[in-house]
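Accompanying notes for the structure given below.
The values are calculated or read from the model by the stated rules, or taken from the named source; none is laboratory data. Predicted model, so just to flag it, every value in this text is computed and none were measured. Please note: Cβ atoms are built from the backbone with ideal geometry, for glycine as well, and neighbour counts cover all protein chains shown. Side chains are part of the model used for accessible areas, which takes the heavy atoms of the whole protein and leaves out ligands, DNA and RNA. Shrake-Rupley method; radii C 1.70, N 1.55, O 1.52, S 1.80 Å.
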Amino acid sequence: MGLIQIFNLARVPSILMLGAVYGAYVLVGGVIFWKLEGDLGREDISAILARKQQVLQTYKCLNSDGIDAVIEVIQDASKAGLSIKGNNTSDGFWQFTSSAVFAATVVTTIGYGNMSPKTPAGQIFCVFFALIGIPLNMVVLNRVGKYMLAIERNICDFLQGKTRHPRCTRFFVHLISYLTGVVLFFVVPMVMFQGHEGWSFAQAIYYCFITLSTIGFGDYVADSNPDKMYPEWYSFLMASWIFFGLAWLALVINHSIDILERLNSFLNGWWRRRNGKEETNAPDDVENPDTQVEQMEQVVEPVKQLPTEK
């Protein structure tokens with residue numbers, strides 16, 4: 001076995017191509033975010049500094065140190081989940097329902113960052129809880145996702161036997177499945193968050209995707225406003241939405257990965273044909289691991305079908 005087979009050098013060009021596309025995609029995204037948000041960020045900073053000067057001029061008993069002390073109190077109250085508006089305060093973040101939602105964000109790796117353990121015992125427990133909970137969450141989501149996919153495939157197989165257009169039937173079943181998921185995990189939660197959190201529809205759909213994709217920026221977090229009273233079922237519904245939504249979005253992402261891999265294979269074949277190489281060329285078949293796997297499957301499949309001697 002030569003170096004080409006040992007290090008799978010036949011895959012290096014496709015890996016480099018994907019790496020270049022990935023790097024370009026990230027850089028282009030950075031430029032777009034910079035152009036969209038950069039000017040507004042500078043305007044926000046200027047407005048905040050102007051408001052600080054206005055407060056100092058209005059309340060002359062406060063100096064710059066006094067303003068900093070007030071800001072520190074507000075920041076600490078925000079981290080603790082307290083409302084200091086008027087004379088009312090909430091009970092903070094660490095209630096049973098909010099603690100259960102926090103545990104769900106730990107094992108799902110969402111990690112909003114709006115609340116975190118402060119005691120040494122809580123921090124150490126969080127480490128071991130995540131070490132066990134994250135793999136367990138991946139196993140459970142994988143099982144649930146496979147179950148959802150199996151139901152979808154069973155429906156496809158059942159309907160394909162009733163029609164004369166199996167490909168169209170499969171396409172429409174997948175389409176209806178995706179649209180149903182969009183309605184259940186994006187449209188319905190968007191309306192609910194718009195009503196209970198006071199967000200706009202753009203902010204609600206943004207929060208839904210950031211949560212279900214486990215990005216979890218933490219700039220918008222449902223069930224965390226200390227100035228609002230949430231119903232008892234709200235936290236339970238949120239936890240269920242996160243769990244099943246993660247499983248559904250994982251299926252969608254896996255389908256997207258499959259599409260990208262097929263596109264990559266198509267581009268590789270196009271590149272070989274452009275360079276005058278035929279797909280049936282023997283050296284390419286030996287060096288290409290994907291071709292080796294396909295050949296092995298073609299050999300093994302007839303062997304499996306041979307009758308066994310009794």
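For the reader, a short list of remarks on this structure follows.
- Translational diffusion coefficient (Stokes-Einstein; Kirkwood radius from C-alpha pairs) of region 13-71 at 37 °C, 0.692 mPa s, in µm²/s: 219 µm²/s
- Of 61, 208, 168, the residue with the largest accessible area leads and the full order is 61, 168, 208 (1.4 Å probe).
- Over all other residues within a Cβ to Cβ distance under 15 Å of residue 205, the charged ones net out to -2, with Lys and Arg as +1 and Asp and Glu as -1.
- Percent carbon-and-sulfur accessible area, region 97-176, ignoring ligands, DNA and RNA, probe 1.4 Å: 72 percent
- Protein accessible area in region 28-73, 1.4 Å probe - carbon and sulfur %: 64 percent
- The calculated FRET efficiency for the pair residue 72 and residue 44, based on their C-beta separation and a Förster distance of 30 Å, comes to about 0.90.
- Added length on full extension, which subtracts the Cα-Cα distance from 0.36 nm per residue, residue 214 to residue 150: 20.6 nm
- Nitroxide proxy distance, nm - points 7 Å out along Cα→Cβ at residue 51 and residue 175: 4.8 nm
- In plain terms, the chain from residue 95 to residue 127 could stretch by 9.5 nm, reckoned as 0.36 nm per residue minus the Cα-Cα distance.
- Label-point separation, residue 59 to residue 142 (7 Å along Cα→Cβ), nm: 5.5 nm
- Pairwise label distance in nanometres, residue 225 with residue 270, each label 7 Å out on the Cα-Cβ vector: 4.8 nm
- With the highest mean first, a sort of the peptides 145-156, 186-197, 63-74 on other beta-carbon atoms found within 10 angstrom per residue produces 186-197, 145-156, 63-74.
- Maximal additional length on extending the residue 252-residue 134 stretch stands at 40.4 nm, based on 0.36 nm per residue less the C-alpha distance.
- Packing-based order for 111-121, 212-222, using average beta carbon neighbours within 10 Å, highest first: 212-222, 111-121
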